[in-house]
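Reviewing the structure listed below.
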Amino acid sequence: MAKRRAPLFLKRKSYRRRRLRDAARLLPILGGFLVLLPILWSPSGSSGADTAWDGIYLFSVWLALVALAAALAPGLAHDAPEGDEADLLPQARGEDFR
Amino acid sequence: MPFNLLVLFCLCYVVMLFLVAFLAERRAAVGRIGWLRSPVIYTLSLSIYCTAWTFYGAVGYAARSGLEFVTIYLGPTLVFVGWWWVLRKLVKIGRQQRVTSIADLISSRFGKSNLLGVVVTLIAVVAATPYIALQLQSVTLSFAVFASGTPEGWALPNRDATAVWVAGGLALFTILFGTRNLDAKEQHHGVVLAIAVEAVVKLVALLAVGAFVVWGIGGGLGAVFAKIGAASIPDWVIKPDRWFGMIAVSGAAVICLPRMFQVMVVEDGDERHMALASWAFPAYLMLMSLFIVPIAVIGLERMPAGANPDMFVLTLPLAEGQAGLAMLAFLGGFSSATSMVIVESIALATMVSNHVVMPLWLRLAPQSAMSGDVRRIVLLARRLSIIGVLALGYLYYRMSGGSVALAAMGLIAFAGVAQVLPVLLGGIFWRGATKSGAVAGLLTGFCVWAFTLFLPFFGPDAVLSQAVFDQGLMGAGWLRPQALFGVTGMDPLVHSLFWSAALNTAAFCIVSLLTFPGPVERMQGAAFVNVFDADAAGPQGWARGRAEPEALLVMAQRILGEDQALALFEAEARAQGKGGYLPDATPDFVAGLERRLAGSVGAATAHAMISQIVGRATVSVEDLMAVANETAQIMEYSAQLEAQREELTRTAGALREANEKLKQLSVQKDAFLSQISHELRTPMTSIRAFSEILTEGDLPPELVANYGRIIHDEAIRLTRLLDDLLDLSVLENGSVQLNIGLVNLQPLIDRALASAQHTRPERDFTVLRDLPTESLFLRTDGDRLVQVFINLISNARKYCDAGTPELKISVRQRSGRVHVDFIDNGTGIAKQSQGIIFEKFARLTDQSRAGGAGLGLAICREVMANLGGQVTYLPGRGGAAFRVTLPLRIGQQAA
């Protein structure tokens with residue numbers, strides 16, 4: 001079966017959109033790392049954790065995740081379907097590509 | 001506050017919810033949906049994740065285990081923030097396949113298997129029942145708090161009666177607004193809006209209590225912060241396994257909980273809504289959790305030692321004399337509980353009616369798919385299921401005695417529904433996942449969960465005997481419910497999660513790898529996994545069935561209702577270019593109709609009903625392959641056509657070139673013929689004229705001799721011309737016989753110079769040579785080469801117009817080829833003529849017709865071509881310059 005040939009290089013706009021999707025995929029991984037971090041702070045066996053500061057930390061991470069997701073959401077919501085026909089790089093116009 | 005007032009408030013609130021739902025339904029009914037389907041409403045409706053468990057239980061949880069409660073909200077936060085991974089795909093699939101519940105999604109993905117639908121329904125019902133009981137319990141408890149707290153000493157007469165009332169009211173609301181429409185995809189606007197309102201109420205209530213606790217009685221942020229730091233929460237230490245396990249299980253649950261699936265995918269799934277929810281829902285969760293710890297700490301500090309921390313949200317304001325705030329908190333808790341129960345029971349009822357009741361009914365009365373009023377039966381089944389689900393919850397509440405901690409019950413339910421996750425993820429990302437694998441995984445996970453977590457929860461000797469706890473099932477030590485396979489020392493929840501997830505996933509993967517999926521499974525698998533590929537629609541299952549459109553219409557009317565079915569059929573008929581209400585039952589149409597029906601009764605039932613009419617239960621593997629082959633063949637065919645087209649273009653180009661060449665050749669041939677006839681006629685004319693004169697006789701003998709000589713000369717000229725022509729034709733045909741041998745270049749040039757002496761012998765020519773370089777052995781045809789040299793030297797002798805003519809002959813050897821240059825010191829050949837001198841009969845001047853017919857250079861060119869070399873004109877060498885190039889050994893290409 002013939003496959004659609006995917007373009008190798010993209011225009012600046014499409015390139016940005018792809019990286020936005022990458023960011024959206026990476027965000028939960030970053031979040032997972034940050035919320036699992038407290039595990040390492042209090043080795044089991046030690047006395048009770050510092051609830052106040054742990055709480056401050058967790059809620060800061062939480063807020064940051066919400067803010068990042070909010071920053072990414074508008075770009076992702078207006079995302080075109082996966083097709084990248086329009087993404088073909090017009091070499092002739094000499095646009096910036098990477 | 002008098003208890004009666006509370007009941008009155010509560011009733012008012014419920015009436016308001018009914019009104020909201022009613023107005024929303026009416027608005028939607030007249031088509032003014034507008035903001036009813038906005039992302040904000042969507043996000044708010046997702047808040048049913050926060051049940052009474054959150055509202056009351058989180059504070060209790062925090063009072064017992066510190067910050068561990070946030071894991072329940074961090075899991076969903078990560079899932080929503082990472083919506084691009086899973087939720088986006090789920091929502092898209094849900095919309096495309098008109099999924100009615102999570103059981104329907106799983107059943108539809110694995111070949112519309114009803115068995116899977118039943119298994120998932122079973123898991124969901126078993127896991128949700130305690131959860132519903134939990135909500136009933138929390139409402140009852142909150143009533144009790146008010147009752148016992150009243151100064152009048154008014155005691156709640158009977159907790160069970162309260163629970164019955166609450167359950168009954170909820171059932172009424174759910175049936176009224178949850179089963180108005182049959183098609184789940186038509187959305188329960190009323191219910192969703194009521195939930196959204198309740199979401200606001202519970203958030204406002206919790207924030208208000210929090211604010212009151214922090215600023216009202218806690219003494220401001222700083223003081224509360226210090227108190228939190230100083231508070232001694234006995235169990236609070238981060239246990240890595242529990243921390244990780246709870247984040248994972250809550251993340252899984254937010255996807256798999258039937259009620260979450262209902263609002264997230266079924267009610268109003270849309271990618272744009274999802275984008276807002278991706279951050280707004282985590283923000284909502286964060287706000288809900290914000291004041292939990294302060295409330296818990298202040299509550300522990302101020303409330304008497306025996307107070308139930310689960311009720312701090314309510315009891316703190318009450319104890320501080322804030323009746324209004326307590327009222328608000330009560331409404332918040334009430335909202336949390338009711339919204340959860342309503343949606344959960346809708347979701348479960350949909351599953352039960354679509355996957356248990358309908359298939360049973362179809363099995364028992366197959367003909368009624370055609371005759372009975374399916375619509376009424378489905379709705380009835382759904383209503384009965386709602387009542388059944390709530391009754392189960394109530395029964396559970398009665399049996400468990402309403403004594404257990406809220407949080408523990410919720411977590412058990414989470415772990416139960418999380419068993420669906422491996423199959424769900426496998427189903428949407430892995431085409432190799434099979435139905436048998438899914439059944440194996442789900443059953444394994446369910447059994448392990450039930451054995452290690454659910455049943456032990458009731459305590460020793462309740463369901464499982466103490467002996468089983470101590471010695472394992474049937475005395476097998478490695479089958480102890482809380483130390484499976486000898487793994488001891490783990491937290492029971494983590495232990496159960498660990499083993500159920502591991503065994504579930506393993507069974508699912510291994511059985512999937514070993515079994516072969518059926519055709520419908522493979523079709524659905526491709527459609528689910530490749531849901532974002534627009535062109536991956538896949539083959540249609542009904543390609544070869546034969547369906548009577550009228551029968552289809554009759555059935556569709558029974559499920560969708562007459563108006564809707566007629567509208568659907570009419571639209572399709574118009575799309576097919578036909579009038580009336582009966583379109584052709586094309587495979588596309590039948591598949592579309594099936595999806596539409598699936599939106600009402602579930603994929604498995606819809607499939608079964610359609611197959612009753614279309615006449616074939618399933619599509620066969622051969623059909624699938626045939627369709628796939630056809631597609632492949634068409635693709636291949638078009639690729640071939642493409643290749644052929646390119647080849648044709650190339651051929652056409654070549655043909656055009658050839659045609660061009662032929663035309664030129666034709667012109668050349670005409671010119672050649674006219675030239676040659678001219679060349680032949682001139683001597684013939686003079687021969688004829690002189691021979692005529694001779695035949696008349698009586699001529700003086702000297703004249704006769706003179707004329708005879710002229711005739712002879714002309715005859716020689718003719719002969720030479722004919723010889724040249726013959727030579728040329730032989731050379732051009734390539735059929736010349738070459739006499740190849742080893743020759744030295746120097747004697748060849750000597751011979752050529754000697755022969756050329758006869759051309760214009762009166763001219764005195766200086767020949768410049770470099771003898772040592774000429775001493776070069778070649779393997780070629782010497783005589784032919786001499787012929788070329790003679791020609792070139794004669795030409796120089798003939799046409800060199802210098803006063804003291806000179807001819808320079810130089811020989812050079814370059815990479816296996818020999819260059820012999822003949823350069824004279826005349827004016828040379830004009831640039832425009834350089835291209836034609838090698839053509840036949842090309843003569844630059846007429847003045848010195850030294851007997852040549854203009855064939856000399858043409859012959860040279862042909863000879864050299866036959867010798868594997870060439871003769872070219874060298875421009876810019878002062879005079880006329882010709883270069884003869886030939887290989888050292890004939891037949892040898894240039895290195």
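The values are calculated or read from the model by the stated rules, or taken from the named source; none is laboratory data. What you are looking at is a predicted structure, and each value in this text was computed from that prediction instead of being measured. With ideal geometry, Cβ positions are generated from the backbone for all residues, glycine too; neighbour counts draw on all protein chains shown.
General observations
- Checking B:Phe334 against (1) of a type in the set (Phe, Trp, Tyr); (2) touching a Leu at 6+ places or on another chain (Cβ under 8 Å); (3) at pLDDT below 90, the condition it does not meet: (2)
- Look at the stretch B:261-290: where a residue is without any contact (Cβ under 8 Å) to a residue 12 or more places away in the chain and a partner is not charged (D, E, K, R), sitting 6+ places away or on another chain with Cβ atoms under 7 Å, you get B:Ala283/A:Val66.
- Cross-chain or 6+ apart pairs with Cβ under 8 Å, the stretch B:1-28 first and in the same structural domain as B:Ala323 (by TED's automatic domain parsing) and assigned to a helix (DSSP H, G or I), then of a type in the set (D, E, K, R) and at pLDDT 85 or above: B:Leu17/B:Glu198
- Condition check for B:Phe429: within 14 Å of chain A (Cβ to nearest Cβ), closer than 21 Å to B:Gln419 by Cβ and not β-branched (Val, Ile, Thr): yes
- Matching residues in the stretch B:39-92 - criterion: being within 11 Å of chain A (Cβ to nearest Cβ) and among the basic types (Lys, Arg): B:Arg88, B:Lys92
- The residue list B:Arg32, B:Arg37 contains one member that is among the charged types (D, E, K, R), surrounded by fewer than 18 Cβ atoms within 10 Å (Cβ to Cβ) and within 26 Å of A:Ala69 (Cβ to Cβ), which is B:Arg37.
- One residue stands out in the stretch B:83-128 among those that are over 15 Å from B:Ala347 (Cβ atoms) and hydroxyl-bearing (Ser, Thr, Tyr): the one that is surrounded by the fewest Cβ atoms within 10 Å (Cβ to Cβ), namely B:Ser113.
- Every condition in (1) over 26 Å from B:Val79 (Cβ atoms); (2) touching a residue at least 60 places away in the same chain (Cβ under 8 Å); (3) hydroxyl-bearing (Ser, Thr, Tyr) is met by B:Thr488 except one, and the failing one is (2).
- Among the residues listed as B:Ala705, B:Ala671, B:Ala752, B:Ala689, the single one being assigned by TED's automatic domain parsing to the domain that holds B:Gly816 and not in a loop (DSSP other than H, G, I, E, B): B:Ala752
- Taking the numbered list (1) modelled with pLDDT of 85 or more; (2) touching a Phe, Trp or Tyr at 6+ places or on another chain (Cβ under 8 Å) in turn, A:Ala23 passes all entries but (2).
- Boolean, B:Lys227 is among the charged types (D, E, K, R) and surrounded by fewer than 21 Cβ atoms within 10 Å (Cβ to Cβ): yes
- Test result for B:Val200, part of a helix (DSSP H, G or I), more than 30 Å from A:Leu36 (Cα to Cα), away from every other protein chain (no Cβ under 11 Å) and modelled with pLDDT of 85 or more: yes
- Among residues of the stretch B:465-505, those that are in a loop (DSSP other than H, G, I, E, B) and closer than 30 Å to B:Thr71 by Cα, counted: 9
- As for the stretch B:302-309, it holds at least one residue that is modelled with pLDDT under 90, in the same structural domain as B:Ile93 (by TED's automatic domain parsing), assigned to a helix (DSSP H, G or I) and not β-branched (Val, Ile, Thr).
Every residue, every condition in (1) within 21 Å of B:Gly782 (Cα to Cα); (2) modelled with pLDDT of 85 or more; (3) aromatic (Phe, Trp, Tyr); (4) touching a strand residue (DSSP E or B) at 6+ places or on another chain (Cβ under 8 Å), yes or no:
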{"position": "B:Asn706", "(1), (2), (3), (4)": "no, yes, no, no"}
{"position": "B:Ala715", "(1), (2), (3), (4)": "no, yes, no, no"}
{"position": "B:Leu721", "(1), (2), (3), (4)": "no, no, no, no"}
{"position": "B:Val730", "(1), (2), (3), (4)": "yes, no, no, no"}
{"position": "B:Asn733", "(1), (2), (3), (4)": "yes, no, no, no"}
{"position": "B:Gly741", "(1), (2), (3), (4)": "yes, yes, no, yes"}
{"position": "B:Arg751", "(1), (2), (3), (4)": "yes, yes, no, no"}
{"position": "B:Ser755", "(1), (2), (3), (4)": "yes, no, no, no"}
{"position": "B:Phe765", "(1), (2), (3), (4)": "no, no, yes, yes"}
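- Residue satisfying condition, being loosely packed, with under 11 Cβ neighbours inside 10 Å and modelled with pLDDT under 85, within set B:Pro701, B:Pro683: B:Pro701
- Test: B:Val297 is more than 9 Å from chain A (Cβ to nearest Cβ) and out of contact with any Leu (no Cβ under 7 Å at 6 or more places or on another chain): no
- All positions within the stretch B:506-520 that are within 25 Å of the chain's Cα centre (by Cα) and within 12 Å of B:Leu442 (Cα to Cα): B:Phe508, B:Cys509
- The requirement of being buried (at least 23 other Cβ atoms within 10 Å of the Cβ) and either at pLDDT below 75 or more than 14 Å from chain A (Cβ to nearest Cβ) (or both) is not satisfied by B:Val621.
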